[in-house]
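Asker: Take a look at this one; I'll ask things after.
The values are calculated or read from the model by the stated rules, or taken from the named source; none is laboratory data. It should be emphasised that the depicted structure is a prediction, and the values quoted were computed from it without experimental measurement. For neighbour counting, all protein chains shown are included, and Cβ atoms are generated from backbone atoms with ideal geometry for every residue, glycine included.
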Amino acid sequence: MSDAIAVTNIMIVDDHPMIREGLRVRLESVPSLRVVAEAGGADEALAHAARHDVHLVLMDINLRGMNGIELTAAFHAMFPGIAVLILSMHDKAEYVMQSIRAGARGYILKDAPGNDIVRAIETVLSGGIYYSAALIPMIARPRMVDESLTAREYQVLEQIAIGASNRKIAKALDLSIRTVETHCLNIKRKLNIEGRSELIKFALEHLPKSGA
C-alpha cells in the first residue's frame, strides 16, 4: 500500500523574479509543498488560477496592475476555494486590515523567520488564520487607534499606556533609546499630537492599561 504524502499546490505572486525563485526553493524543500505556478502581476495570476489546480496563493502587495489586496478580493470572489496568504514587507495596520477585509487568510512579513511561511501555510490549510507575531497587537484590538501606525509604533504606544519611560520602553522592546524617541516622534506626527503629556493622555484613553 502506498504511503503517498498529500501535496499542496502553491502559486507565488510577486513582481520580483529573484524573490519568487527564493520562495520556490524554500517551499519545495518541504515534501508536502509544490509550486505549480508563478506570476508577477494580476492578469497572469488569474490566468494561472484558472489553468492550474492551486490550493493556496502566496501574495505580495506591490504588483503590476491591481495591487495584491485588490487581487486578493478578486481571488476571493472568482476562486473561493483558493486560500490567499499575504507575504509583504509592509507592516502598517492599514494594509493588514484591508487584506483581512479582502478575504486573506493570513499576513506574513517578508523579514519573518523562514519557518514561519511553512507554518503559516500549514495553519491556513488546516482551517486557521496566521499572522506574523509583530502584527498581533494591531489585529487583536477591536478598534484601530490609527491604521497608519506600524506594528512597532503600536508596541511603543502600548508601553506608553502603562506609564513606561523611553528607557524602559527601550529595554522592553530591545531597542535603543534614540530609536524609541524616533518612534515617539513619528507617532505624535501621525496622531497630530504635540507633547509627551498629550501622547500619554491619548494612550491611556485608547489603549488598555495592562499592556497586553
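Asker: Just to be sure before I move on: is ASP14 touching a residue at least 60 places away in the same chain (Cβ under 8 Å) and acidic (Asp, Glu) in the structure I sent?
Answerer: It is true that ASP14 is touching a residue at least 60 places away in the same chain (Cβ under 8 Å) and acidic (Asp, Glu).
Asker: For the range 63-91, what are the residues that are within 17 Å of ALA134 (Cα to Cα) and surrounded by 17 or more Cβ atoms within 10 Å (Cβ to Cβ)?
Answerer: Once the filter is applied, which keeps residues that are within 17 Å of ALA134 (Cα to Cα) and surrounded by 17 or more Cβ atoms within 10 Å (Cβ to Cβ), the range 63-91 yields LEU85, ILE86, LEU87, SER88, HIS90, ASP91.
Asker: Among the residues that make up the range 31-44, is at least one of them of a type in the set (D, E, K, R) and touching a residue at least 40 places away in the same chain (Cβ under 8 Å)? Break it down stepwise before answering.
Answerer: Step one: filter the range 31-44 for residues of a type in the set (D, E, K, R), giving 34, 38, 43-44.
Next, only the ones that are touching a residue at least 40 places away in the same chain (Cβ under 8 Å) stay: none.
Checking the range 31-44: not a single residue is of a type in the set (D, E, K, R) and touching a residue at least 40 places away in the same chain (Cβ under 8 Å).
Asker: Condition first: surrounded by fewer than 23 Cβ atoms within 10 Å (Cβ to Cβ) and either in contact with a strand residue (DSSP E or B) (Cβ under 6 Å, 6 or more places away or on another chain) or on the phi < 0 side of the Ramachandran plot (or both). Now tell me which residues in the range 161-175 satisfy that. Spell out how you get there, then give the answer.
Answerer: Residues of the range 161-175 surrounded by fewer than 23 Cβ atoms within 10 Å (Cβ to Cβ): 161-168, 170-175.
Within the range 161-175, ALA161, ILE162, ALA164, SER165, ASN166, ARG167, LYS168, ALA170, LYS171, ALA172, LEU173, LEU175 meet the criteria.
Asker: Scan the helices (runs of 4 or more DSSP H) fully inside the range 103-212 and keep the ones with 1 or more residues being modelled with pLDDT of 85 or more. Steps first, please.
Answerer: Numbers: elements: 114-125, 136-140, 151-161, 166-173, 177-191, 196-206.
Hits in the range 103-212: 114-125, 151-161, 166-173, 177-191.
Asker: Confirm whether ALA39 is at pLDDT below 90, outside the structural domain of LEU149 (by TED's automatic domain parsing) and touching a strand residue (DSSP E or B) at 6+ places or on another chain (Cβ under 9 Å).
Answerer: no
Asker: A further question on this structure: Return yes or no: is SER126 of a type in the set (Ser, Thr, Tyr), out of contact with any helix residue (DSSP H, G or I) (no Cβ under 7 Å at 6 or more places or on another chain) and either crowded, with 17+ Cβ neighbours inside 10 Å or not assigned by TED's automatic domain parsing to the domain that holds TYR154 (or both)?
Answerer: Answer is yes for this residue.
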